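Asks: Below is a structure I'd like to ask you about.
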Amino acid sequence: MSVEKLFLEQKYRIKIVSKPKIIMNYLFLGTSLPVLPDFKEYIMNDLKVFNAKALFLEEIREEKEFGEETDDVEGMILIYDDDGGDILYFGFFGVFDHAREKIEILLEALIDHAKENGYKYIRGPINIPVTIFGWGFMLRGSKKDFHMRYNLNPPIYPELFQEKGFYTKIKEYECAMPIFLINPDRIPIKKDGKIVMAKFDEFEYSNPGRDGMMEIKQEFLDLFARNLPDSAAITPKPENTFDNLVKFIFDNGAEWMMWIVRYKPTGKICAGGYIIPDIFLKDEKGELLGADLHAWVTDKEFRRRGLTVYQYAMSSQIAKKQKFPFHKARGYLSVAVDNEANLTNVKKRMAGKVIGAKVILEKEL
């Protein structure tokens, strides 16, 4: 053991904390987004759902005047799993001054904890609730923008993780774009080698509302589960965090921000999605100016019929009636780097621009 390492170990210690109220007081260490008082109930919900704990990095200080030893929290990591599964998830990884030696001590503590408790993988950062705080380390060169789920960390974090054997599990581009008003009757698709306007007579678009979304919860979750890749499942237990997601959207947004599309001949849900209101982007009157265009899904058998754009178009028409300020509003969207079709749509059809890239990292033990 080097002298430097010995000195650091004598200067700092790791403490495991399981009380949500204490953890909440230090979440700011691992995010650049404000941890507002209004977020408390949403955060507490997910801390309890995941039975989350935290590893605190504490600096040991000798108070000679009183002969007492005190400690200060210099950094923290949130940790949780999937009911005893093989993966230890982490989030809110950060230290006060982003010092390399502190990050290394905290990172080594994370790896040691995972090994001692029999985990096979470590994965993160995933900051719960992801509805607010998002996921991923931002990579070097990303734009220092400010919106929901977009955490601005110095590049030393992902780079040190990679030095310790972490590899990229998920990589996404972060895209910014204006929010357009689209006519649902003017959506071009390719049919029999020709460009025609899509028809949606067989489909029924609706906004079920807060209670309605809870009634169709399982059907809605099943739609996403069977159509999205494994990489889209950012956190475990989507059925347990769904209630919190619905509550956040309807508490802070509007009814048009969650929708479904039913196929009339069967009555089954064939498409659906939701938009998360960005409560950090508001005008002087407190009106929303931004949204996270989080997810919309079309069942595989109904693709190439314009339904994805149709969902966007119908949502925009309803938002217009509710006087959403399209002329000033901004939208944000995360797009997997290996999904070229989606990225092309964002750039060409939605005037989107890539403002950064983020990664979820993983280590096999």
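The values are calculated or read from the model by the stated rules, or taken from the named source; none is laboratory data. All figures in this text were calculated on a predicted structure; none of them were measured in a lab. Every residue, glycine among them, receives a Cβ derived from its backbone with ideal geometry; neighbour counts consider all protein chains shown.
Asks: For region 80-119, enumerate the residues that are part of a strand (DSSP E or B) and within 23 Å of N25 (Cα to Cα). Spell out how you get there, then give the answer.
Replies: The initial filter retains those residues of region 80-119 that are part of a strand (DSSP E or B), namely 80, 87-95.
Listed by number, the residues that qualify are Y80, L88, Y89, F90, G91, F92, F93, G94, V95.
Asks: Would you mind finding the one in I170, I128, I122, I132 that is of a type in the set (V, I, T), in contact (Cβ under 8 Å) with a residue 60 or more places away in the chain and in a loop (DSSP other than H, G, I, E, B)? Explain how you work it out, then say what you get.
Replies: Values: I170 fails: in a loop (DSSP other than H, G, I, E, B); I122 fails: in a loop (DSSP other than H, G, I, E, B); I132 fails: in a loop (DSSP other than H, G, I, E, B).
The conditions single out I128.
Asks: Something else now. Filter region 334-350 down to the residues that are surrounded by fewer than 17 Cβ atoms within 10 Å (Cβ to Cβ) and either assigned to a strand (DSSP E or B) or in the same structural domain as Y310 (by TED's automatic domain parsing) (or both) and list them by number.
Replies: A336, the sole residue that qualifies.
Asks: Please work out which one of (1) at pLDDT 95 or above; (2) over 30 Å from G85 (Cα atoms) is the condition M197 fails and give its number.
Replies: (1)
Asks: Sticking with this structure for a sec: Select from region 240-257 the residues that are under 12 Å from M214 (Cβ atoms) and charged (D, E, K, R) and list them in ascending order.
Replies: D243, K247
Asks: Restricting attention to region 169-183, which residues are more than 21 Å from F326 (Cα to Cα) and of a type in the set (D, E, K, R)? Don't jump to the end; show me each part of the working.
Replies: The first filter runs over region 169-183 and keeps only residues more than 21 Å from F326 (Cα to Cα), leaving 169-173.
Within region 169-183, K169, K171, E172 qualify.
Asks: Could you check region 182-205 and list, in sequence order, the residues that are surrounded by 15 or more Cβ atoms within 10 Å (Cβ to Cβ) and in a strand (DSSP E or B)? Can you show your working first?
Replies: The initial filter retains those residues of region 182-205 that are surrounded by 15 or more Cβ atoms within 10 Å (Cβ to Cβ), namely 182, 184, 187, 189, 198, 200, 203, 205.
Result: I189, F203, Y205.
Asks: Those residues that are closer than 19 Å to L281 by Cβ and aliphatic (A, V, I, L, M), I need them from region 306-345; list them, please.
Replies: Passing the criteria: A319, A329, L333.
Asks: Moving on. From (1) closer than 15 Å to A357 by Cα; (2) free of Cβ contacts under 8 Å to residues at least 12 places away in the same chain, pick out the condition that doesn't hold for R186.
Replies: Among (1) closer than 15 Å to A357 by Cα; (2) free of Cβ contacts under 8 Å to residues at least 12 places away in the same chain, R186 violates only (1).
Asks: Shifting gears a bit: Name the residue, out of R210, R226, R123, that is in the same structural domain as G306 (by TED's automatic domain parsing) and at pLDDT 95 or above. It would help to see each step written out before you state the result.
Replies: On the way: R226 fails: at pLDDT 95 or above; R123 fails: in the same structural domain as G306 (by TED's automatic domain parsing).
Just a single option satisfies the conditions, and that option is R210.
Asks: Which members of region 318-333 meet the condition of being more than 21 Å from R303 (Cβ to Cβ) and assigned to a strand (DSSP E or B)? Outline the logic, then answer.
Replies: Restricting attention to region 318-333, the residues satisfying the condition of being more than 21 Å from R303 (Cβ to Cβ) are 318-332.
Hits for region 318-333 are R330, G331, Y332.
Asks: Any residue that is farther than 20 Å from A254 by Cα and touching a Leu at 6+ places or on another chain (Cβ under 9 Å) - is there at least one of those in region 206-218?
Replies: Within region 206-218 (the criterion being farther than 20 Å from A254 by Cα and touching a Leu at 6+ places or on another chain (Cβ under 9 Å)), the answer is no, since none of the residues qualifies.
Asks: If you don't mind, there's one more thing I want to ask. Return yes when K353 is more than 26 Å from K194 (Cβ to Cβ), at pLDDT 90 or above and surrounded by fewer than 20 Cβ atoms within 10 Å (Cβ to Cβ) and no when it is not. Lay out the reasoning, then the answer.
Replies: On the way: more than 26 Å from K194 (Cβ to Cβ): yes; at pLDDT 90 or above: yes; surrounded by fewer than 20 Cβ atoms within 10 Å (Cβ to Cβ): yes.
Judged against the criteria, K353 is a match.
Asks: Keeping to region 84-105, report how many residues are surrounded by fewer than 22 Cβ atoms within 10 Å (Cβ to Cβ) and of a type outside the set (V, I, T).
Replies: The qualifying residues number 11.
Asks: Taking region 21-40 only, how many residues are surrounded by 18 or more Cβ atoms within 10 Å (Cβ to Cβ) and more than 20 Å from L281 (Cβ to Cβ)?
Replies: Looking only at that region, the number is 5.
Asks: Shifting gears a bit: Out of curiosity, is M177 in a helix (DSSP H, G or I) and hydrophobic (A, V, I, L, M, F, W, C)?
Replies: In short, no.
Asks: Considering each residue of region 291-302, count those that are under 16 Å from the mean Cα position of the chain (by Cα) and not charged (D, E, K, R), and give that number.
Replies: Quick first cut of region 291-302, residues under 16 Å from the mean Cα position of the chain (by Cα) only: 291-296.
Right, trim to not charged (D, E, K, R) and you get 291, 293-296.
So the count comes out to 5.
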